[in-house]
Amino acid sequence: MTATTTTKVYIDKSACVGCGMCQRVCPTGAITIRSGLADIDEKKCIGCGRCIEACPRRSIHRYSPVTHENLENMVDSLKKNADSLMERIEKLKKKTQGINCDGA
Ligand code: SF4
Ligand code: SF4
């Protein structure tokens, strides 16, 4: 099994000046300069972050792409929160039923 990263990078094109510093440090050849602006091939990017450090304009940023794995993790987390909430609601219901039976 190969190691994978779930973060990628994107370029704020309004800040890019096409200097090519990011392209020079990218180990996978994911960056090309097109029409004076850097462009990233997401499929080649391994999320190493070297381009972020190299960019003099701070125009490269990280993001988490919506992957099947990320979505599954989010759904699992939401289910756990919902289960926990339902348990607390059931406990509160039992407590309040007890209070009502006493005629309070
Ligand atoms: S994060 Fe790494 S692999 Fe991805 S574009 Fe930047 S230098 Fe290349
Ligand atoms: S290093 Fe920054 S400014 Fe230079 S080409 Fe890459 S993204 Fe654009």
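Tabulated results
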item: Tail beyond 24 Å, pair distance distribution of the chain (Cα, percent); result: 50 percent
item: Gain in span if fully extended, M74 to L37, counting 0.36 nm per residue against the direct Cα distance; result: 9.9 nm
item: Longest to shortest principal axis, alpha-carbon extents of segment 8-63, angstrom; result: 23, 18, 16
item: Extension reserve of the A15-I99 stretch, reckoned as 0.36 nm per residue once the Cα distance is removed; result: 23.9 nm
item: Unit charges on C-beta of K, R, D, E only; dipole of the chain, Debye; result: 260 debye
item: Of A15, I46, I89, farthest towards positive along the dipole that unit charges on Lys, Arg, Asp, Glu beta carbons give the chain; result: A15
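Each value in this text was obtained by applying a stated rule to the coordinates, not by laboratory testing. Because the structure is a prediction, the values reported are computed rather than measured. Here Cβ is always computed from backbone atoms with ideal geometry, including for glycine, and neighbour counts include all displayed protein chains.
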